[in-house]
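The values are calculated or read from the model by the stated rules, or taken from the named source; none is laboratory data. Values in this document were obtained by computation on a predicted structure and should not be read as measured data. Here the Cβ positions follow ideal geometry from the backbone for every residue, glycine too, while neighbour counts run over all protein chains shown. Accessible surface areas use protein heavy atoms only, side chains included; no ligands, DNA or RNA. Shrake-Rupley method; radii C 1.70, N 1.55, O 1.52, S 1.80 Å.
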Amino acid sequence: MNCTGLSQNAILDRLKESGCRITAPRKALVASLAESHTPQSVIELHAAANKRIGTPTDPEPVNLVTAYRFVNLLETQGLARRIDFAQGYARYEPTHPDDAHHHHHIVCDQCGKVEPFDDCDVDELSARIEARSGFVVMRHQLELYGKCADCSREP
Ligand SMILES: [Zn+2]
Ligand SMILES: [Zn+2]
Ligand SMILES: [Zn+2]
């Protein structure tokens with residue numbers, strides 16, 4: 001189980017369909033997002049995109065403000081999912097095309113390691129809350145926090 005979702009090409013196609021220009025920095029940011037195995041911050045996506053297309057004469061072709069704006073655009077287009085781990089900044093992963101196969105994350109409070117899991121038990125809880133509250137549950141959000149195996153081992 002990992003955080004992969006829409007492929008690089010699927011995201012680029014959807015952007016083109018909605019009339020967005022595909023520049024080299026945008027392409028590099030999409031590639032970095034699509035290939036990451038855990039949710040990435042914009043700072044990390046920005047660094048990965050620069051590593052991808054930077055040259056000795058222009059090591060930083062992707063502007064950080066551009067990266068923030070573009071990732072925000074991906075989110076509003078439904079191509080990237082924003083996840084808030086309460087770390088002071090958001091993280092992003094590609095949207096999964098099939099919502100029935102959604103997943104959640106467990107996060108290490110000490111080192112920040114993130115692992116996805118997809119055995120989600122929220123349906124039962126939702127049914128109980130619906131019966132009690134009269135609400136219809138449409139979506140849910142769940143992140144677990146703790147100490148990873150490596151951090152637990154340390155004295
Ligand atoms: Zn994920
Ligand atoms: Zn840890
Ligand atoms: Zn769930």
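Tabulated data
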| item | result |
| --- | --- |
| Of residues in the range 35-71 being open to solvent by less than 80 Å² (accessible area, probe 1.4 Å), under 17 Å from Leu12 (Cβ atoms) and more than 11 Å from the chain's Cα centre (by Cα), the one nearest to ligand 2 (Cβ to nearest atom) | Ala48 |
| Tabulated pairs, the range 35-53, first of a type in the set (A, V, I, L, M), second assigned to a loop (DSSP other than H, G, I, E, B) and open to solvent by less than 70 Å² (accessible area, probe 1.4 Å), C-beta under 6 angstrom, 6+ apart or interchain | Ala49/Val62; Ile53/Pro61 |
| Strands (runs of 3 or more DSSP E) contained in the range 1-108 and holding at least 3 residues of a type outside the set (A, V, I, L, M, F, W, C) | 80-84, 90-94 |
| Subset of the range 91-133 [within 11 Å of ligand 3 (Cβ to nearest atom), open to solvent by 50 Å² or more (accessible area, probe 1.4 Å) and under 24 Å from Cys151 (Cβ atoms)] | Asp118, Asp119 |
